[in-house]
Amino acid sequence: MTSDAERKMQFLFALRSKGVTHPRVLDAMERIDRGGFVRGIFASRAYEDMPLPIACGQTISQPSVVGLMTQALDPQPRDKVLEVGTGSGYQAAILSLLARRVYTVDRHRRLVREAQAVFDALELVNITAFAADGSFGLPDQAPFDRIIVTAAAEDPPGPLLAQLRIGGIMVVPVGQSDTVQSLIKVTRTEAGFDYDELRPVRFVPLVEGLGQD
Ligand code: SAH
């Protein structure tokens, strides 16, 4: 039988071996227990480095991918961050320890409700979760220092680029659904946008409009 402490050590070891090395990111991932974000029969696999099913036919991302995306996003303590694709709330919870304020949106009301309950239980009071089509961003809260999209778009959505502050960073998986996608880092400069291709990834697609549930 593996103890909690051993399981946690293995979890952090797996993250490091996949390239998650920033101390602040590792510290946040040590503090936020992924087990709190996975329900039902998959709960026992929460500490494995794999994506797992959540409600509404969606997935909680693989922890090493969450870590690598968080590193690429490089959130600073005073930053206002937008996440598109709340899902389980795991990524938002990690960001909440690294930034001043996190806005997270999902097209499924049920996912937003369930994630909010976990944020409340963990007293992560700097996260605001909304049910909305995140491809339009959150114009009322813009501009953002950082934007992270955790569903794959064909191109970085224009409204999100427009809501990124100059000097800001957006991390977004780009590509057709069910084919190989690339994780892209977009940096907004005075002159425009710089694009860096980081690595191949596989995410559920960004879908238009609100879901049924
Ligand atoms: N970041 C999540 C994983 C997200 S899975 C976590 O840590 O668990 C991708 C999520 O994006 C799904 O929950 C899906 O409902 C959501 N999504 C897809 N298209 C969207 C859109 N247009 N607006 C908001 N959310 C969207």
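Every number in this text was worked out from the coordinates using simple rules, so none of it is lab data. Keep in mind the model is a prediction, meaning the values are calculated, not measured. Here the Cβ is made from the backbone with ideal geometry for all residues, glycine too, and neighbour counts use every protein chain on show.
Place a +1 charge on the Cβ of each Lys and Arg in segment 152-199 and a -1 charge on the Cβ of each Asp and Glu, then give the dipole magnitude about the Cα centre in debye, rounded to the nearest 20. Please report the intermediate quantities before stating the final value.
Numbers: 4 positive and 7 negative charges, 43 e Å.
Dipole size: approximately 200 debye.
Which of rounded, prolate or oblate describes segment 1-88 when judged by the alpha-carbon gyration tensor and an a/c cut-off of 1.5?
Since a/c reaches 1.5 but b/c is at least a/b, the shape of segment 1-88 is classed as oblate.
Using alpha carbons only, what's the Rg to Rh ratio of the chain with Rh from Kirkwood?
Values: Rg = 16.0 Å, Rh = 17.1 Å.
For the chain, the value is 0.94.
Which whole-Hz couplings ³J(HN,Hα) result when phi for each residue of segment 83-94 is put into the Karplus expression 6.51 cos²θ - 1.76 cosθ + 1.60, θ = phi - 60°, listed in order with x for Gly and Pro?
10, 9, x, 4, x, 6, x, 4, 4, 4, 4, 5
In terms of the Cα gyration tensor, with a ≥ b ≥ c the square roots of its eigenvalues, is segment 128-176 rounded because a/c is under 1.5, prolate because a/b exceeds b/c, or oblate? Show your work: numbers first, answer last.
Values: a/c = 1.79, a/b = 1.19, b/c = 1.51.
Oblate shape, in that a/c is at least 1.5 and b/c is the bigger or equal ratio.
When the dipole is taken about the Cα centre of segment 4-201, and only Lys, Arg (+1) and Asp, Glu (-1) are charged at their Cβ, what size is it in debye, to the nearest 20? Don't skip to the end; give the middle numbers.
On the way: 22 positive and 24 negative charges, 69 e Å.
Roughly 340 debye, rounded to the nearest 20.
If I build a Gaussian network model for the chain, linking alpha-carbon pairs within less than 10 angstrom, which residue out of VAL38, VAL102, VAL171 has the largest mean-square fluctuation?
Result: VAL38 has the largest fluctuation of those listed.
Hey, which lysines would be in cross-link range of LYS8, C-alpha to C-alpha under 19 Å, not counting anything within fewer than 8 residues on its own chain?
Answer for LYS8, where 19 Å is the Cα cut-off: LYS18, listed by chain and number.
Per-residue ellipticity at 222 nm for the chain, helices alone: DSSP H runs ≥ 4 residues times -39500 (n - 2.57), over residue total, nearest 500 deg cm²/dmol? Kindly include the intermediate steps, with their values, before the conclusion.
Numbers: 6 runs with 59 residues, N = 213.
The helix contribution divided over the chain gives -8000 deg cm²/dmol.
How many angstrom lie between the Cα centre of segment 105-159 and the Cα centre of segment 8-34?
23 Å
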